[in-house]
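The values are calculated or read from the model by the stated rules, or taken from the named source; none is laboratory data. Bear in mind the structure is a predicted one, so any value in this text is a computation, not a measurement. FYI the Cβ positions are ideal-geometry reconstructions off the backbone, even for glycines, and counts take in every protein chain you see.
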Amino acid sequence: MRTIVIAGGGSAGWMCAAAFSHLLAPGWHVRLVESEAIPTVGVGEATIPQIRTFNQALGLDERAFLDATEGTYKLGIAFAGWGGPGECYLHAFGDVGRDSGLVPFHQRWLRARAAGAVAPLGAYSLNEVAAREGRMQLGRARTGALLPEMPYAFHFDAALYAALLRRFAEARGAERVEGRILGVERAGETLTALRLDGDRRVAGELFVDCTGFAALLIGGAMAVQFDDWSRYLPCDRALALPGARVAPPIPFTRASAHDAGWQWRIPLRHRTGNGVVYSSAHLDDSGAEQVLRAGLDGGTEAAPRAIRFTTGRRREPWRGNVVAIGLAAGFMEPLESTSLHLVQSAIARLVALLPGAAAGPATRDAFNRQSATEWERIRDFLVLHYHANRRHGAFWRDCREMPLPETLAAKLALWREQGVVLREQDDLFTEVAWVQVLIGQGVLPDGHHPLADAEPIEEACEFLSLWAQLVRREVAQMPAHAALVGR
């Protein structure tokens, strides 16, 4: 029997414990060390569709999961005011329209737009039209065989999710140890045990650092450097504030731009999650609280909770026998709801590369290389939102003028030439996701792909019109999202 020691709880720690106790038994014993005196960040309440894969791998019943976490469904994210004040577009999950052979749907749309006969891009997205009308369905389309199933994610209470996973993990043999970590024991570059208060120790062969921003193991004991990305993503503070629910929950997250950052709104069954993300160089804490409270729909349930952060990542999330997962590995603001996905993907990567007797530098290098690529691709997608703005004010001007990562600059140059988006290896976000944000924020290419010209323009416009009709017809028969959640 070998032991995996998880340092820290919260969503990240208990996701690890649940996955390891379910997937690695027998042969591995899972021990999680956490202290009730140390609070978790607890704002990761919005997710992307991959969370369903994680829950399914554990065998969680979806309805029971939603009930236990006060969850609702999510079809995408609405970005209000990011292109300019008064504008709003959706990054909706799933496809937009339907590709034709080698011609992506958006190329057909760009050509028709140049001819002056086209609806907004979102009119061809089943998820977007349903989200805007507050509707939702599960399973295959009812009115058209051409339409796919609607991909969806969830909004849920992160603390309740951690509690659910704790029950799941402990039922499968995971052991929770209450205590504060005071230090470590080591043999050379290898950790052998955690030292806890009360003169206790927890020994193991593999240590997973889920200690959040403190990064006690990967940053402290292993001294792994942190790559600071604040030159690309300048927001460095957030205030989180739960509010009363005053209206039926809607099936999408809202991210609204303000003068020095953005504000989130996440609809749950029992309350609404609210928060404001901002740059302290452009807005002080009291001003941020005013922005937050001005955007509330109803009363509040607590005082705002302040969170300070630096965007970036640990250069080596796996060093020696320590693997950092969650905030210990790095932080990117929850603009595209990627926080829990980065936990999930790190767990999957660690399970795939689980160190055996012969594991060594090659295993760690593969994990670190894949992690770096994934984090950098997500970083570029977030930077795009800030860079492609047309807002007034010093903060947004600075975002437009900041130097871009070379990878993002190359992607934007290719897009501007003829509307091409190439999905790189390990890129979480699809071509369709990039297209929705680019077009949604008014970044239009100089032309379109020549293959789109092969079809007569009349036929292209007719196809677009029929697809929009098919989407509207499908959405019209869907139940209201609130009714589906209530059932």
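Things worth noting here:
- Any helices (runs of 4 or more DSSP H) falling wholly within region 397-487 and containing at least 1 residues that are of a type in the set (S, T, N, Q): 406-418, 431-440, 457-476
- In this structure, VAL343 qualifies as modelled with pLDDT of 95 or more and either closer than 19 Å to PHE156 by Cα or polar (S, T, N, Q) (or both).
- Among (1) of a type in the set (Gly, Ala, Ser); (2) surrounded by fewer than 17 Cβ atoms within 10 Å (Cβ to Cβ); (3) not assigned by TED's automatic domain parsing to the domain that holds GLU178 - the single one ALA257 does not satisfy: (2)
- The set of residues in region 224-281 being among the acidic types (Asp, Glu) and assigned to a loop (DSSP other than H, G, I, E, B) consists of ASP236, ASP259.
- Residue within region 212-223 that is under 21 Å from the mean Cα position of the chain (by Cα) and at positive phi present: yes
- Test: residue in region 2-25 that is on the phi > 0 side of the Ramachandran plot, surrounded by fewer than 24 Cβ atoms within 10 Å (Cβ to Cβ) and part of a loop (DSSP other than H, G, I, E, B): no
- Some residue of region 64-78 being crowded, with 19+ Cβ neighbours inside 10 Å, touching a Cys at 6+ places or on another chain (Cβ under 9 Å) and either part of a strand (DSSP E or B) or of a type in the set (Asp, Glu) (or both): yes
- For region 175-186, the criterion of being within 30 Å of LEU268 (Cβ to Cβ), touching a residue at least 60 places away in the same chain (Cβ under 8 Å) and either in contact with a strand residue (DSSP E or B) (Cβ under 8 Å, 6 or more places away or on another chain) or not in a strand (DSSP E or B) (or both) is satisfied by at least one residue.
- So PHE381, is it among the hydrophobic types (A, V, I, L, M, F, W, C) and more than 13 Å from the chain's Cα centre (by Cα): no
- Selection from region 255-279 of residues that are under 20 Å from PHE395 (Cβ atoms) and not small (Gly, Ala, Ser): HIS258, ASP259, TRP262, GLN263, TRP264, VAL276, VAL277, TYR278
- Complete set of residues in region 326-369 that are assigned to a helix (DSSP H, G or I), more than 21 Å from ASN55 (Cβ to Cβ) and touching a Leu at 6+ places or on another chain (Cβ under 9 Å): ALA328, LEU335, THR363, ARG364, ALA366, PHE367
- Remark: pairs (first residue in region 414-428, among the aromatic types (Phe, Trp, Tyr); second residue outside any loop (DSSP other than H, G, I, E, B); Cβ separation under 7 Å; 6+ apart in sequence or on different chains) = TRP415/LEU438.
- Taking region 384-396 as the range and being in a helix (DSSP H, G or I) and crowded, with 19+ Cβ neighbours inside 10 Å as the test, the residues that pass are LEU384, HIS385, TYR386, HIS387, PHE395, TRP396.
- Selection status of ASN321, outside the structural domain of HIS22 (by TED's automatic domain parsing) and not aromatic (Phe, Trp, Tyr): no
- Out of PRO334, PRO355, sole residue that is over 20 Å from the mean Cα position of the chain (by Cα) and either of a type in the set (Val, Ile, Thr) or crowded, with 17+ Cβ neighbours inside 10 Å (or both): PRO355
- Of everything listed in (1) more than 28 Å from the chain's Cα centre (by Cα); (2) crowded, with 19+ Cβ neighbours inside 10 Å; (3) not assigned by TED's automatic domain parsing to the domain that holds GLY8, the single unmet condition for ALA131 is (1).
- For region 260-306, filtering for residues that are of a type outside the set (A, V, I, L, M), out of contact with any Asp or Glu (no Cβ under 8 Å at 6 or more places or on another chain) and surrounded by fewer than 19 Cβ atoms within 10 Å (Cβ to Cβ) leaves 14.
- Of all the listed residues (ALA114, ALA141, ALA37, ALA92), the sole one being modelled with pLDDT under 95 and in contact with an Asp or Glu (Cβ under 8 Å, 6 or more places away or on another chain) is ALA141.
- When we screen ARG98, ARG52 for residues that are more than 20 Å from the chain's Cα centre (by Cα), surrounded by fewer than 24 Cβ atoms within 10 Å (Cβ to Cβ) and more than 30 Å from MET222 (Cβ to Cβ), the only hit is ARG98.
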